[in-house]
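Remarks on the structure that follows.
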Amino acid sequence: MLSDDAVIIIPARYASVRFPAKALAMIEGKSLIERVWSTASRVKGVQGVWIATDHDKIAHHCHRFTPNVIMTDPGCANGTERVYQALGKLGQSYGICINFQGDAPLTPPWVIEALLARFAADKDCQMVTPATLLSSEETAQVVASGKGAAGTVFVTIDAQGKALYFSRSVIPNPFRLPAREMHFYRHIGIYAYRRPALQKWVALPESQLERSEGLEQLRVLEAGMSMHVVPVDYRGRPEWAVDVPGDVEVVSGHLQRFGEP
């Protein structure tokens, strides 16, 4: 019998293609993975925070600040598979799992709390992910250039708050409406799932849209599953993920200016 208890699992892969061992990169006196863990530990409404890794170096480092480390298979294809494997190893009846990417040290705790709030408000909701509404300045840039910032993933949302589509291209296409009437949402790569939905996700084969866009969340949409999208407000704080070595300096500058999330 699954409960409504929630757990956060942070996937931390060692052999990242663009930035190997980035989980151990030091940012303002703390490693990237410790910064993400610190944020997760401040989220209200969860019963535990665990780090799922595939490498002894990351595990040894993480044991300096938490005992909650789970070793997973290096062959996991993505963070979703790693989180699912770790959830199975926990041996608990957690009914809700949050996949909090290990490269997002600037994410405020209230972003994850918003996902838990959606589950509490809608018992039929099986999967949920956050997005931010682009500012008027960002919208103007998108309309003028026809593209977002490098690495930006856009999402369109239906009237019930469910994802229609995710894309690395600008969606909706700013073809006929003036900029002031457009609404562009930037997807934030955090996912919360009820356990049966996560189980169904990892059992699905890779889809054509997923291969085309390089976005694993399209697998569930193409299979006819629903993913709710919660618009969140960073309250003036910056959004940034560490994907390449140069991002360390960017995140460091944001921390110096805005402080801890």
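Just so you know, all these numbers are worked out from the coordinates, no wet-lab data involved. Nothing here was measured: the structure is a model prediction, and the numbers come from that model. As a convention, Cβ positions derive from the backbone with ideal geometry for all residues, glycine included, and neighbour counts pool all protein chains shown.
Treat the count of other C-beta atoms within 10 Å as a stand-in for reagent exposure and order 166, 154 from fewest to most. Present the calculation step by step, with values, prior to reporting the outcome.
Details: 166 24, 154 20.
Starting with the residue having the fewest Cβ neighbours, the order is 154, 166.
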Ratio for the stretch 1-129, C-alpha Rg to 2.2 N^0.38 Å, reads 1.02
Amide H proximity to residue 131 below 5 Å, modelled H, separation 5+ or other chain, gives 188, 230, 232
Yeah, the stretch 1-51 with a ≥ b ≥ c from its alpha-carbon gyration tensor (a/c under 1.5 is rounded, else prolate when a/b outruns b/c, oblate otherwise) is oblate
Computed over the chain, the relative contact order (Cα-Cα under 8 Å, seq sep at least six) in percent reads 23
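Using only alpha carbon pairs under 8 Å that are at least six residues apart, calculate the relative contact order of the stretch 1-126 and give it in whole percent.
On the way: 199 pairs, mean separation 46.4, N = 126.
Contact order relative to length: 37 percent.
Kindly provide the Kirkwood hydrodynamic radius of the stretch 114-233 in Å, to one decimal, from all pairs of distinct alpha carbon atoms. Please list the in-between numbers first.
Working: mean 1/r = 0.0666 Å⁻¹.
Every distinct Cα pair counted, the radius reaches 15.0 Å.
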Expressed as a whole-number percentage, the relative contact order of the stretch 138-222 with C-alpha contacts under 8 angstrom and at least six residues apart is 26
Across the chain, qualifying lysine pairs (alpha carbons under 21 Å, at least 8 places apart or different chains) come out at 9
Whole-Å distance linking the alpha carbon centroid of the stretch 194-249 with that of the stretch 1-36 is 16
per DSSP, antiparallel bridges as share of beta bridges in the chain, % nearest 5, sits at 55
Any helix of the chain counts here only if DSSP assigns it H throughout, its Cα atoms span 15 Å or more along the axis, and its mean Kyte-Doolittle hydropathy is at least -1.0, and such helices are 79-90, 109-121, 246-258
At q = 0.16, 0.17 1/Å the base-10 log of I(q)/I(0) from the Debye formula over the alpha-carbon atoms of the chain is -1.32, -1.50
